[in-house]
Amino acid sequence: MNKIALELNETLGGTAAARLLSDFGTRFYFPKGIISQSGEAKKKATRFNATVGMATKQNIPMFLPSIQKLITGLSEGEIYPYAPTPGVPELRSDWKAEMEQKNPSLRGKLTSEPLVTSGLTHGIMVVADLFVNAGEKIVVPDMFWGNYRLIFEGRNQAEIVTFPFFNASGTINLEALEQSLRSCGKKISLVLNFPNNPTGYSPSIAEAQKIVDLLHKLADEGNDVLCYIDDAYFGLFYEEDTLKESLFGLIADLHENLLAVKFDGATKEELAWGFRLGFITYAGKGLNSEQYTALQKKTMGAIRASISNASRIAQSLMLKGLQSPSHIKEKEDAFQLLEARYHKVREVLGSQGSDSPLTPLPFNSGYFMTFTYQGDAEKLRVHLLDAYGIGTIAIGTTYLRVAYSSVDIENVEELYTSIEKAARELL
């Protein structure tokens, strides 16, 4: 094993983070190669810097005028150079400050610095590589984002274990969740995604506390727990009693046997889908700064080995956006627009008859809501396309997901009455 990897493992020794590492994660490291040497040269090469494979002219990155004329508001240095492997330092710092502002429970708790990835999907992939061995179990609700299967099962050859997301009362099925977690053995891995894709559900404050209590109980029994917190749709909470911060803040220092990993990004939070900017942040009770640095270096190695670094221009644009005086107001305006659509969906569904063949699953947040259908959901999806020109997503033969986030409020009623009409036509 590489000497650097051995040193990082020694630094992490005795922690849940070390015990949870996969074989890949155990042997991985960030090399002291070109990137590291270039970093040293940036600070000390006052005469000439002949380290980075980049073309410059008068110490400014070379560029094509046909591209440059399309970009305003950024300097050449904010557009063309490679970004550091962990991300632009100022963006990482500002994102962490925003994260703590949006999550009061996180304030004062020691976490890693956020690491920048090429989208949230890439972040989950990187962490899965570091912590998942073939054959291990990963617990997710039965209503989950399909890409989890591609990452955990297709890529890492782990086994996804599902539990019924909702109980008969329409709240999170904590009993089934506990049973599934206990089936994992002494290494427990759990993915929680709120607001949930595809249901658009987030826990109430009381439900969130019960999840926290369950995780604490399992960790206190001597299990090592890794909790993936997928915050892709963070902030889009539309009901008063819904938890309006990330579970990450509640479990960041919950127990020495629990490692929490937060995945978030510019994609939905900042309405910047094509930027492909995500962030990975670690938290665990008892981890010190040196141990967080070791975790970050292993993660940097995995980023370096997959994409080298995330887009520089996307990071520069995101940083400018975060620092804009109008940033908060602009986000609030976008939230209010989506919240209005949510309430319009509620209004339309409330006017439909009790004999409808479509039953909405609980939803209170995010972009989506999902129906259970008495007939075949895939046939309904195709019928909606062919007969009505309406696109939806079928999940198996039972569920139909509707992204009301992409439908203007004046069209919401027509959308849902058309879905209802089409559903009856097939029965």
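Laboratory data are not the source of any read-out in this text; all were calculated from the coordinates shown. For clarity, every value in this text was computed on a predicted model and none was experimentally measured. All Cβ positions, even for glycine, are placed from backbone atoms using ideal geometry, and neighbour counts span all protein chains on display.
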| field | Cα-centred dipole magnitude for segment 328-425, charges only on beta-carbon of K, R (+1) and D, E (-1), debye, nearest 20 | value | 240 debye
| query | Taking K and R as +1 and D and E as -1, what net charge do the other residues with C-beta under 10 Å from the C-beta of Asp253 add up to? | reply | +1
| query | Taking springs between alpha-carbon atoms closer than 10 angstrom, which of His255, His343, His216 fluctuates most in the Gaussian network model of the chain? | reply | His343
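Mind sorting Thr370, Thr11 by how few other Cβ atoms lie within 10 Å of their own Cβ, fewest first? Don't skip to the answer; put the middle values down first.
Values: Thr370 26, Thr11 17.
Taking fewest neighbouring Cβ atoms as first place, the list is Thr11, Thr370.
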| message | Given 10 °C and 1.306 mPa s, compute D for segment 60-170 with the Stokes-Einstein relation, Rh being the Kirkwood radius over Cα pairs; round to the nearest whole µm²/s. | response | 89 µm²/s
| said: Using amide H atoms built in the peptide plane, which far-off residues or other-chain residues are under 5 Å from Leu236 H to H? | reply: Gly366
| said: What is the angle, in °, between the Cα long axis of helix 327-350 and the longest principal axis of the Cα atoms in the chain? Nearest 10 is fine, range 0 to 90. | reply: 20 degrees
| Least to most buried among Trp95, Trp273, Trp145 (fewest other Cβ within 10 Å first) | Trp273, Trp145, Trp95
| request: Report the charge-dipole magnitude of segment 1-107 in Debye, nearest 20, computed about the Cα centre from +1 at each Lys and Arg Cβ and -1 at each Asp and Glu Cβ. | output: 240 debye
| message | If amide hydrogens are placed 1.01 Å from N in the peptide plane, which non-local residues have theirs closer than 5 Å to the one on Ser189? | response | Val139, Leu226
| query | Sorted by packing (mean other beta-carbon atoms within 10 Å per residue), highest first, where do 291-300, 238-247, 259-268 land? | reply | 259-268, 291-300, 238-247
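Quick one: of the DSSP bridges fully inside the chain, what percent are antiparallel, nearest 5?
60 percent
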| Mind checking the angle between helix 120-131 and the chain's longest principal axis? C-alpha axes, 0 to 90 degrees, to the nearest 10. | 70 degrees
| note | From DSSP H assignment alone, runs of 4+ in the chain each adding -39500 (n - 2.57), the sum over residues rounded to the nearest 500 puts [θ] at 222 nm at -12000 deg cm²/dmol
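Run the numbers on the chain and let me know its relative contact order in percent, using alpha-carbon pairs under 8 Å that are six or more apart. Please report the intermediate quantities before stating the final value.
Values: 740 pairs, mean separation 80.5, N = 427.
Here the relative contact order equals 19 percent.
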| Which residues' amide hydrogens lie under 5 Å from the amide hydrogen of Tyr201, considering only partners 5 or more residues apart or on another chain, with H built in the peptide plane? | Asn196, Asn364
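Rounded to the nearest 0.05, what FRET efficiency is calculated for Lys109 and Lys217 with R0 set to 22 Å and r the Cβ-Cβ distance?
0.60
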| request: Could you give the size of the charge dipole of the chain about its Cα centre, using +1 on the Cβ of each K and R and -1 on the Cβ of each D and E, expressed in debye and rounded to the nearest 20? | output: 1920 debye
| said: Projecting each Cα onto the charge dipole of the chain (Lys/Arg +1, Asp/Glu -1 at the beta carbon, about the Cα centre), which of Ile4, Val116, Phe263 comes out farthest on the positive side? | reply: Ile4
| query | Between Leu21, Ala50, Val161, whose Cα lies farthest towards the positive end of the dipole of the chain when Lys and Arg beta carbons carry +1 and Asp and Glu beta carbons carry -1, centred on the Cα centre? | reply | Ala50
| Fully extended, how many nm does the chain gain between Ile205 and Ala387 (0.36 nm per residue separation, minus their Cα-Cα distance)? | 61.3 nm
| message | Taking the 0 to 90 degree range and rounding to the nearest ten, how far is the long axis of helix 205-220 tilted relative to the main principal axis of the chain, both from C-alpha atoms? | response | 50 degrees
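Expressed as cubic angstrom per residue, what is the convex hull volume of the alpha carbon set of segment 37-82?
Convex hull volume per residue, Cα atoms: 87 Å³.
Give Lys32/Lys297; Lys244/Lys268; Lys69/Lys268; Lys43/Lys109; Lys96/Lys262; Lys96/Lys210 a once-over and call out the pairs whose C-alpha atoms are over 22 Å from each other.
Pairs exceeding 22 Å: Lys69/Lys268; Lys43/Lys109; Lys96/Lys210.
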| Using 1/(1 + (r/R0)^6) with R0 = 22 angstrom and r between the beta carbons of Thr72 and Gln323, what's the FRET efficiency to the nearest 0.05? | 0.85
| How would you rank Leu349, Leu236, Leu277, going from fewest to most other Cβ atoms within 10 Å of each one's own Cβ? | Leu349, Leu236, Leu277
| So if we plug the beta-carbon distance of Ser183 and Ile4 into 1/(1 + (r/R0)^6) with R0 = 51 Å, what FRET efficiency do we get, rounded to 0.05? | 0.90
| remark: Simple SL model, points at 7 angstrom along Cα→Cβ for Thr398 and Ala305; separation in nm is 3.8 nm
| message | Suppose the chain between Thr56 and Glu425 were pulled fully straight at 0.36 nm per residue; how much longer would it get relative to their current alpha carbon spacing? | response | 126.3 nm
| task | Compare Phe28, Phe194, Phe371 in a GNM of the chain, Cα atoms joined below 10 Å, and give the one with the largest fluctuation. | result | Phe371
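As an exercise, take the mean of 1/r over every pair of distinct alpha carbons in the chain, invert it, and state the Kirkwood radius in angstroms.
Averaging 1/r across every pair of different Cα atoms and inverting gives 23.3 Å.
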